[in-house]
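The values are calculated or read from the model by the stated rules, or taken from the named source; none is laboratory data. Keep in mind that this is a model prediction, so the values were computed, not measured. Glycine also receives a Cβ, built like all others from the backbone with ideal geometry; neighbour counts cover every protein chain displayed.
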């Protein structure tokens, strides 16, 4: 082999080795990149599987809780059903008894109103009036019948009316009484009364004392309360309206103990 051919052979061999060395290096890098991507995909997939496992566990817990709640509700319904196994006939009978009791209470209160109206018929409507509201009998006594302005001392004419009322109340069974004092909105402040609350309460208490201590009504069945100017029946912008608001109401209510027992 001459020198020229030998040089060409060496050059070709060098290029061949060079190309052979470069080829595997690029494939290796590509393979490494692919392995890295696969590892990332595998990690993401693993994380997603963990999240799914957690959600499945939570859902199983919710399902278990709902099953427990349903079992509890079913138990309550079963207990309610067993404790209220009233026949239709029994329910009808109970309803009839309830209706009869309510009607009897209405009849008693209507009769009581008539009795009080007859007993107090000599008094004018601007002195007192009687009405039924919400199943209760109201005897509304105006200030002019009972008290002087700003006083809680009951006048003789007012005491006479209270004596007549007490006679009817003492002959009536199964009622309770509330005495409510009311004023107009004109402020009051004296050595005895700080405000209209004081005056209205003092007036109610005076009537309670008269009915119980002087006329024998049962102290366990009567209560005194004062509303001040906060429950008017008319506007306070006229003298007539203020006069109507200055009143003491005797509120008579039926005894509902037996009715409550039936509803238990």
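A few remarks follow.
- Meets criteria (surrounded by fewer than 15 Cβ atoms within 10 Å (Cβ to Cβ) and either more than 34 Å from the chain's Cα centre (by Cα) or under 21 Å from residue 118 (Cα atoms) (or both)) for residue 213: yes
- Flag for residue 124 being assigned by TED's automatic domain parsing to the domain that holds residue 190, more than 37 Å from the chain's Cα centre (by Cα), over 30 Å from residue 190 (Cα atoms) and modelled with pLDDT under 95: yes
- Members of the range 197-210 found to be buried (at least 18 other Cβ atoms within 10 Å of the Cβ) and touching a strand residue (DSSP E or B) at 6+ places or on another chain (Cβ under 8 Å), listed by number: 198, 199, 200, 201, 202, 203, 204, 207, 208
- When residues of the range 131-157 are limited to those that are over 16 Å from residue 182 (Cα atoms) and in contact with a strand residue (DSSP E or B) (Cβ under 8 Å, 6 or more places away or on another chain), the one surrounded by the most Cβ atoms within 10 Å (Cβ to Cβ): 137
- Checked against (1) under 37 Å from the mean Cα position of the chain (by Cα); (2) in contact (Cβ under 8 Å) with a residue 40 or more places away in the chain, residue 162 passes all but condition (1).
- For residue 144, the conditions (1) modelled with pLDDT of 85 or more; (2) outside any helix (DSSP H, G or I) all hold with the exception of (2).
To keep it simple, each residue is scored yes or no on (1) without any contact (Cβ under 8 Å) to a residue 40 or more places away in the chain; (2) closer than 30 Å to residue 104 by Cα; (3) out of contact with any helix residue (DSSP H, G or I) (no Cβ under 7 Å at 6 or more places or on another chain).
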site: 169; (1), (2), (3): no, yes, yes
site: 194; (1), (2), (3): yes, no, yes
site: 206; (1), (2), (3): no, no, yes
site: 219; (1), (2), (3): yes, yes, no
site: 223; (1), (2), (3): no, yes, yes
site: 226; (1), (2), (3): no, no, no
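- Members of the range 228-242 found to be in contact with a helix residue (DSSP H, G or I) (Cβ under 7 Å, 6 or more places away or on another chain) and under 20 Å from residue 201 (Cβ atoms), listed by number: 228, 229, 232, 233, 236
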